[in-house]
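Peer 1: Just passing along the structure, written as structure tokens.
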Amino acid sequence: MRTKIWIIITALTVLTSCSLNDLDPVVSNEKDIATNIRNLEDLQGIANGIYDRMTVTTYYGRNLIIYGEVRADNCFANGRSGRFMSEAAMKVSPDASNGPWDAMYAVIASCNIIIGQDPLKIEGDQQKIRQVIGQAYIARALAHFDLLKLFGQQHTGGNLGIPYIKAYVSGQTAPARNSVDENRMAIFEDIETGLALMTEANNPKTKQQISTFAGYALKARVALYFKEWEKAKSAALAVIGSGKFSVVDSPNFVGSWKTKNNTNSIFELAFSASDNLGVNGLQMIYRGAQYGDIEVLDNLLTIFDDEDVRKSGAMIGYETVAGKKRLRNLGKYPSADFSDNVALFRIEEQILILAEAKFELGETDAIDILNQVPAKRGAAPYTEITKENILKERRRELCFEGFRFDDLVRTGSDIPLVDPIKQTHGGPKYGSYNVAFPIPRVELNANKNMEQNKDY
């Protein structure tokens, strides 16, 4: 029996859908798309499919972002529609963990179709062809990195990562898990290969496609996660020093969340009023009476200065639903027609990465870098540079975008229990088994080489 990973990798008959319904597991219906790529336009069409697959509900369209909030101390699941209850309690079943697994490996499969091409056999401008192939390497690194953060054992006392799939090899349909360190090296290798293929001159005109700057932004994020401070510093500087991006100032901050291709955006996923996830996207899960399952914990408000625009009622405020006042994320992903783009990389994150890297390297200007963000938010400057202050500013700036859980575990922190009733996970200690998601049961049943995470 073919494993779920290889079913996904080989059954790619349609690459432009925003759902996973086209991942037909019937092998007889498979189509060898790779042999039909003849020119740059064909290649770009496959690349567009990569971005579409990133937008699905089970990936960046909603779920991955919410996992980073409800498993931490920013938000909780109230049970209105029953969504995210097991994730918020950190009691995810192997029978329910295949959503993100499938979605991310679908992205990887699309990337591998492009990466497997011989550019000299494709008609069109060779540098533009190389640019698209480079984008696929960056996207492949991102998807594997996200898989590793969710399913890897790096914070549970083990050393197993996830299968790093670089190509479909006929007959090899039972991939084993690579080690965390092998994953780390492969992610960096893909990023470097992608950047070597790309040039700034051929960067896309839209921020809804991967640019060289998105590649460096990913490199900085990965390096931060793995505590490779010099690498994080140099990659963040490559983005910041380009002069292509700027921090949104306080008067424009609220409106920036409705603005596409904003000055602070490095790479974002495209949605519109006619092409979106509707009720299965971020807008409906964060607010409203229909779903509104994800509420904000009161503790989050306590970390902001009173004049900080990020604390304003336009950003974090109350809704009355079913006669009860509920604290909500009102400012991020706000449009009622579900048309807001989802920014995966912003310049503010890169500045905070640079500040943290400089702090870890003992560089005295780290505090000046850190204060660049609160200076644009109406918040008081920090008077000292500490790890606590860096994480506080990351929490203030990046709340509701899915970063908080990873920030806690990458720094070896327990999950803070700020509300024992609403936080149904109970505040797990660092290293607890449930810090990692379980490998999906469907994969285990089909793949004799796959190992489950401990205690599942």
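Quick note: the coordinates plus some simple rules give every number you see, no bench work behind them. Computed from a prediction, not measured in an experiment: that's the story for all the values here. So basically every Cβ, Gly included, is an ideal-geometry build from the backbone, and we count neighbours across all protein chains shown.
Peer 1: Answer with one residue from L444, Y59, L301: the one whose Cα lies farthest towards the positive end of the charge dipole of the range 4-446, charges on Cβ with Lys, Arg +1 and Asp, Glu -1.
Peer 2: Of the options given, the answer is L301.
Peer 1: Place the peptides 143-149, 437-443, 316-322, 82-88 in order of packing, highest mean first, counting for every residue the other Cβ atoms within 10 Å and averaging per peptide.
Peer 2: So the peptides 143-149, 437-443, 316-322, 82-88, ranked by packing, come out 143-149, 437-443, 82-88, 316-322.
Peer 1: Hey, another quick one. Under the 0.36 nm per residue contour assumption, what length would be gained going from the current alpha-carbon distance of V279 and T263 to full extension?
Peer 2: 2.9 nm
Peer 1: Another question, if that's okay. If you count, for each residue, the other Cβ atoms within 10 Å and average over each peptide, how do 362-372, 338-348, 68-78 line up from highest to lowest?
Peer 2: 68-78, 338-348, 362-372
Peer 1: Among DSSP bridges having both ends in the chain, what percentage is antiparallel? Round to the nearest 5.
Peer 2: 95 percent
Peer 1: Give the separation of the Cα centroids, the range 319-338 to the range 31-105, in Å.
Peer 2: Answer, in whole Å: 23.
Peer 1: With only Lys, Arg, Asp and Glu charged, each at its Cβ (+1 for the first two, -1 for the last two), find how big the charge dipole of the range 4-446 is about the Cα centre; round to the nearest 20 debye.
Peer 2: 560 debye
Peer 1: Which entry is the computed semi-axes √(5λ) of the Cα gyration tensor in Å for this structure: [x] 61, 28, 19; [y] 62, 21, 20; [z] 33, 26, 22?
Peer 2: [z]
Peer 1: Follow-up question, since we're still on this one. Set the bar at 31 Å for Cα to Cα. Now go through K258/K454; K219/K260; K387/K429; K244/K392 and name every pair that lies beyond it.
Peer 2: K258/K454
Peer 1: Now for a separate question. How many nm separate the modelled label positions at A196 and Y433, each set 7 Å beyond the Cα in the direction of the Cβ?
Peer 2: Placing both labels 7 Å along Cα→Cβ, they lie 4.2 nm apart.
Peer 1: Taking R0 as 51 Å, what FRET efficiency do you get between E41 and A375 from their Cβ-Cβ distance, rounded to the nearest 0.05?
Peer 2: 0.70
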